[in-house]
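Trainee: Have a look at the structure that comes next, please.
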Amino acid sequence: MPATSLDQIVSLCKRKGFIFPGSDIYGGLANTWDYGPLGVELKNRVKKAWWNHFVRQCEDMVGLDAAILMNPRTWEASGHVGSFADKMSACRRCNKLTREDHWEGLILQSEWYKSLQELYFSKETATLEDLKKWGEKTAKKLAPNLALVRNSSVTISWLAEFLEKTSIATKEAVDNVHILSSMRQLISYLATEQFNQTGLQLPCPYCGGELSEPKPFNLMFKTHQGVLEESSTLVYLRPETAQGIFVNFKNVVDSSHMRLPFGIAQIGKAFRNEITPGNFTFRTREFEQMEIEYFFDPAAQDWKQLYENWKERSEKFIEEVLGIKKENLRLRDHDPDELAHYAKRTTDIEYKFPFGWGELCAAVAYRTDFDLNQHQTFSGQDLRYTDPDDPSKKFIPHVMEPSFGADRVTLAVLIDAYEEQTLPNGDVRTVMHFKKGIAPIDVAILPLSKKENLIRKAQELYKKIMYETDLTVHFDVTGSIGKRYRRQDEAGTPKCVTIDFGTIGEDAGQGPPDTVTVRDRDTLEQIRVPINGLLEALKGS
Ligand SMILES: [Zn+2]
């Protein structure tokens, strides 16, 4: 059966060396993760597969590797300094930050709210006395910082005053939105202690404490370039790799003579001081992006057609190249009100994570000519493309942007590969069904015993595979053969090669000389293969 909780994945990742908590020996640093020996191989393969699929195997694509630190004007042009700021409220009690546009959703999901809602609408006549009791019992546990809990009499008296004026307590058949509009008032009263001084306060979804006024909060990490902080320049860690591509558009066109339509791809780190990171490596403040800006002439090409093409190319990568199961994927078009300021249309590919559907990548976003126009204005440089067939034709190209998170995609690959499988003999094994070519180890060499001549033969084979193929090969002599198979299953190694006494001509019962046993991770099938045909068999399988 597949993973039912993220904890199973987190624990396997630590145990097997895929992903460790960051700065682990110091008690960690919130929301940072380090890729271990298997994890770095896996992530590198995801990135390599992406690069092959989108760059090396495409005539119309070139690559780029831009610096993380960029001239700060870049971020004024891109809108990140001005508007890349979500409005946030801080809780005055627990200090947690809540995004203004997430508040309602978080409240609706909170246990204390659900319980209050039940009290209010399931009971025929909910009274102030009931509320007081709720505050003394349930709320004390679930929302200890509500004013109702901390100073019940004051809050109840404000509420009584209000109730006299209105009839909020009348119970009617109401729809959800209506519930919130009146419940919102109620919970604001419950969160308010000094009504005359502060007016109504909104409660923190986590603890019931009062929230501050929402203020813009810049998501970019700031640092200083230069030795002395006071005389140095403020710079930002890039919040996306895309701008490195836009500022190099002219350089690439001039140096590579690319003709429209063409794309520039980049893989690299980006940083966002996210308010609500979490779910393992799903949302982290430091992350790696794999992005493409595909430039085209909107007068020569139908953008809708191109949009569909890119959607397909992205889907193909996720499903066919990475081998993520189709039933765990879905496409989702952004609603007009959630589109970024620069985007005309965006389609995400979502993955069914153990915590629910989550964005895996933007299959494609249509960014129009927004970015290049902005950079032309802010830099004063002419960023127009000149039609090589008609030099009098100069224009700013439009852009399609497929954008993948390398960490998020790697996490989905891990989750999708995971299986706890009961074998016919009743044993349970954990097996990672990574697609061939994505698995961090391609083949394991397992000598049946530690006997010297067996080890020598096995080492010979190990080195042959290592130097004569591009397969990643692992050597393991520790423990019983059964245990070693299980270890390789957990690492997701597709093939195990066992060298036994038959191989070295000492026990015909185990097999003919110069043959080895190749075991398949998924089918558990074991076949006897001559050594001289082994490389072909491994490559082809
Ligand atoms: Zn709080």
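Trainee: Would you tally the net charge around residue 22, using a Cβ to Cβ cut-off of less than 13 Å, leaving residue 22 out, and scoring K and R as +1, D and E as -1? The partial results should precede the final answer.
Mentor: Values: positive: 14, 285; negative: 24, 34, 286, 407.
My count for the surroundings of residue 22 gives -2.
Trainee: Looking only at the stretch 441-540, where both bridge partners belong to it, what percent of the DSSP beta bridges are antiparallel (to the nearest 5)?
Mentor: Values: 9 of 17 bridges.
Percent antiparallel among DSSP bridges in the stretch 441-540 is about 55.
Trainee: Please tell me which of these pairs span more than 29 angstrom C-alpha to C-alpha: 140/352; 222/435; 48/393; 304/393; 304/435? Display every interim value, and only then the final one.
Mentor: On the way: 140/352 35 Å; 222/435 40 Å; 48/393 37 Å; 304/393 23 Å; 304/435 32 Å.
Result: 140/352; 222/435; 48/393; 304/435 exceed 29 Å.
Trainee: Can you list, bin by bin at 10 Å, the percent of alpha carbon pairs in the stretch 190-246, starting at 0?
Mentor: Using 10 Å bins, I get a P(r) of 18, 24, 19, 21, 17, 1 for the stretch 190-246.
Trainee: Per 10 Å bin from zero, what fraction in whole % of the C-alpha pairs of the stretch 67-119 is there, up to the bin with the longest pair?
Mentor: All Cα pairs considered, the percentages come to 20, 30, 24, 16, 8, 2.
Trainee: Can you give me the angle between helix 452-468 and the longest principal axis of the chain, using Cα atoms only, in degrees from 0 to 90, rounded to the nearest 10?
Mentor: The helix 452-468 is inclined about 70 degrees to the chain.
Trainee: Quick one: compute the contact order of the chain, relative version, from alpha carbon pairs under 8 angstrom and 6+ residues apart, as a percent. Intermediate values should be presented prior to the final figure.
Mentor: Numbers: 941 pairs, mean separation 72.8, N = 541.
Dividing the mean separation by the residue count of the chain yields 13 percent.
Trainee: With axes computed from alpha carbons, what is the tilt in degrees of helix 406-417 against the longest principal axis of the chain, rounded to the nearest 10 within 0 to 90?
Mentor: 70
Trainee: Give the angle, between 0 and 90 degrees and rounded to the nearest 10, that separates the Cα long axis of helix 37-51 from the longest principal axis of the Cα atoms of the chain.
Mentor: Tilt of helix 37-51: around 90 degrees.
Trainee: Pull up all non-local amide H partners of residue 283: gap of 5 or more, or a different chain, and H-to-H distance under 5 Å with H placed in the peptide plane.
Mentor: 278
Trainee: Mind checking which lysines have their Cα closer than 16 Å to the Cα of residue 394? Skip sequence neighbours fewer than 8 apart in that chain.
Mentor: Qualifying lysines at Cα under 16 Å: 250.
Trainee: Please give every one of the aspartates and glutamates within straight-line cross-link reach of residue 463, meaning a C-alpha to C-alpha distance under 17 Å, and leave out same-chain neighbours fewer than 8 residues apart.
Mentor: In chain and number order, the partners are 442, 452, 476, 514, 536.
Trainee: Can you list residues from other chains, or at least 5 along the same chain, whose modelled amide H is less than 5 Å from the amide H of residue 235?
Mentor: Here the answer is 223, 224, 225, since their amide H atoms fall under 5 Å of that of residue 235.
Trainee: Where the centre of each part is set by its Cα atoms, how far does the stretch 197-217 sit from the stretch 263-303, in angstrom?
Mentor: Computed from Cα coordinates, the inter-centre distance equals 33 Å.
Trainee: Let me have the 222 nm mean residue ellipticity of the chain computed from DSSP H runs of 4+ only, each contributing -39500 (n - 2.57), with the sum over all residues rounded to the nearest 500.
Mentor: Details: 20 runs with 191 residues, N = 541.
That calculation yields -10000 deg cm²/dmol at 222 nm.
Trainee: How big is the convex hull of the Cα atoms of the stretch 441-540, per residue, in Å³?
Mentor: Working: hull volume 8.7 nm³, N = 100.
So the per-residue hull volume is 87 Å³.
Trainee: Around residue 265, what is the net charge, scoring Lys/Arg as +1 and Asp/Glu as -1 over all other residues with Cβ under 9 Å from its Cβ? Let's see the in-between values first.
Mentor: Details: positive: none; negative: 291, 293.
That works out to -2.
Trainee: Let me ask something else about it. Bin all alpha-carbon pair distances of the stretch 1-93 at 5 Å intervals from 0 and give each bin's fraction as a whole percent.
Mentor: 3, 9, 9, 11, 12, 16, 18, 14, 6, 1, 0, 0
Trainee: Report ³J(HN,Hα) in whole Hz for each residue of the stretch 353-365, in order, from the Karplus equation J = 6.51 cos²θ - 1.76 cosθ + 1.60 where θ = phi - 60°; Gly and Pro get x.
Mentor: Computed from phi, the couplings for the stretch 353-365 are 6, x, 9, x, 5, x, 5, 9, 6, 8, 4, 6, 10 Hz.
Trainee: So what's Rg/Rh here for the chain, counting alpha carbon atoms and using the Kirkwood radius for Rh?
Mentor: Values: Rg = 29.5 Å, Rh = 27.7 Å.
With Rg and the Kirkwood Rh in hand, the quotient comes to 1.07.
Trainee: Please compute, over every Cα-Cα pair in the stretch 228-374, the percentage with a separation greater than 20 angstrom. It would help to have the intermediate numbers written out before the result.
Mentor: Numbers: 6292 of 10731 pairs.
Result for the distance tail: 59 percent.
Trainee: Please list the non-local residues whose amide H lies under 5 Å from the amide H of residue 368, H modeled 1.01 Å from N, same-chain partners needing a gap of 5 or more.
Mentor: Amide H neighbours of residue 368: 344, 399.
Trainee: Read phi for every residue in the stretch 210-223 and hand back ³J(HN,Hα) as whole Hz from Karplus 6.51 cos²θ - 1.76 cosθ + 1.60, θ = phi - 60°, with x for Gly and Pro.
Mentor: 7, 8, 6, 4, x, 10, x, 10, 6, 7, 7, 6, 9, 8
Trainee: Related question: If we count every other residue with Cβ under 12 angstrom of residue 68's Cβ, Lys/Arg +1 and Asp/Glu -1, where does the sum land? Could the numbers behind the result be given before it?
Mentor: Working: positive: 238, 269; negative: 65, 240, 286, 288.
Here the charged neighbours net out to -2.
Laboratory data are not the source of any read-out in this text; all were calculated from the coordinates shown. No experiment lies behind these values; they were computed from the predicted model shown. When we count neighbours, we look across all protein chains shown, and the Cβ atoms used for this are built from the backbone with ideal geometry, even at glycine.
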